[in-house]
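Novice: There's a structure below that I have some questions on.
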């Protein structure tokens, strides 16, 4: 399927590894110009080189620390100088400290708010107006199945990722008529550094986590990426305001 986004500029946050890297490389195969964002600029350069070999119109790494509002604004300025305004934005970042409600301090809540919600709002503040002006844009936010089925030991993720989904649902309605779509993906158990961190890099626990998924295993980032890239494309122009699970059937709700 031709997604019709060749030559479009795509900002991918968290592009240095895992799901973000997989999405970036899948977008490269569609011929996009890639603004790859993360803190590890050395790793970003390696991903940019892979992206160019995969077919990207252009690819370049940009330093981005989601915990630092000044870094976010600088990244947006640098991307604009290099490629112009982004047509596509994949909002992705690390996760907050795991734990239960009674384990968390007010400082933990503040840090998670800055990482998961405030950072994305700052990004959107710079990304949305040019998309609306051009009457075309795609925003895809990577969240978690915790927004549909809270996870006992991830209270901070439960709270702030759900808040982001609610904000983006509202945004989607506001800007739909401007040709800008906004969707979320509820991420299940995907083989990433974050998942390994949550399970203590214990292979037996990871295998058990996979067996709890109806499909019977943990997914690779490459299996996740096609849904995100489809939502970035022209054929998905009538899909907006949705939170789509890519989780192997892990969420058991009727509308999971």
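The values are calculated or read from the model by the stated rules, or taken from the named source; none is laboratory data. Computed from a prediction, not measured in an experiment: that's the story for all the values here. Virtual Cβ from ideal backbone geometry, glycine too; neighbours counted across all protein chains shown.
Novice: For region 123-146, which residues satisfy the criterion of being in a helix (DSSP H, G or I) and either over 14 Å from the mean Cα position of the chain (by Cα) or within 11 Å of residue 175 (Cβ to Cβ) (or both)?
Specialist: 124, 125, 126, 127, 128, 129, 130, 131, 132, 133, 134, 146
Novice: Which condition from (1) farther than 21 Å from residue 196 by Cβ; (2) outside any loop (DSSP other than H, G, I, E, B); (3) touching a residue at least 12 places away in the same chain (Cβ under 8 Å); (4) touching a helix residue (DSSP H, G or I) at 6+ places or on another chain (Cβ under 9 Å) is the one that residue 43 breaks?
Specialist: Of (1) farther than 21 Å from residue 196 by Cβ; (2) outside any loop (DSSP other than H, G, I, E, B); (3) touching a residue at least 12 places away in the same chain (Cβ under 8 Å); (4) touching a helix residue (DSSP H, G or I) at 6+ places or on another chain (Cβ under 9 Å), only one is false for residue 43: (1).
Results for (1) in a helix (DSSP H, G or I); (2) touching a residue at least 60 places away in the same chain (Cβ under 8 Å), shown as yes or no for each residue.
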{"site": "3", "(1), (2)": "no, yes"}
{"site": "21", "(1), (2)": "yes, yes"}
{"site": "36", "(1), (2)": "no, no"}
{"site": "53", "(1), (2)": "yes, no"}
{"site": "67", "(1), (2)": "no, no"}
{"site": "81", "(1), (2)": "yes, no"}
{"site": "86", "(1), (2)": "no, yes"}
{"site": "97", "(1), (2)": "no, no"}
{"site": "110", "(1), (2)": "yes, no"}
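Novice: Taking region 9-32, which residues are under 18 Å from the mean Cα position of the chain (by Cα), within 15 Å of residue 83 (Cα to Cα) and surrounded by fewer than 24 Cβ atoms within 10 Å (Cβ to Cβ)?
Specialist: Within region 9-32, just 9 meets the criteria.
Novice: Answer yes if at least one residue in region 164-182 is closer than 22 Å to residue 218 by Cβ and crowded, with 23+ Cβ neighbours inside 10 Å, and no otherwise.
Specialist: no
Novice: Failed condition for residue 79, given (1) crowded, with 16+ Cβ neighbours inside 10 Å; (2) out of contact with any helix residue (DSSP H, G or I) (no Cβ under 8 Å at 6 or more places or on another chain); (3) farther than 27 Å from residue 8 by Cα, with all others met?
Specialist: Unmet for residue 79, out of (1) crowded, with 16+ Cβ neighbours inside 10 Å; (2) out of contact with any helix residue (DSSP H, G or I) (no Cβ under 8 Å at 6 or more places or on another chain); (3) farther than 27 Å from residue 8 by Cα: (3).
Novice: Name the helices (runs of 4 or more DSSP H) wholly inside region 171-246 in which the number of residues that are modelled with pLDDT of 95 or more is 3 or more.
Specialist: Where helices (runs of 4 or more DSSP H) fall fully within region 171-246 and carry at least 3 residues being modelled with pLDDT of 95 or more, they are 221-232.
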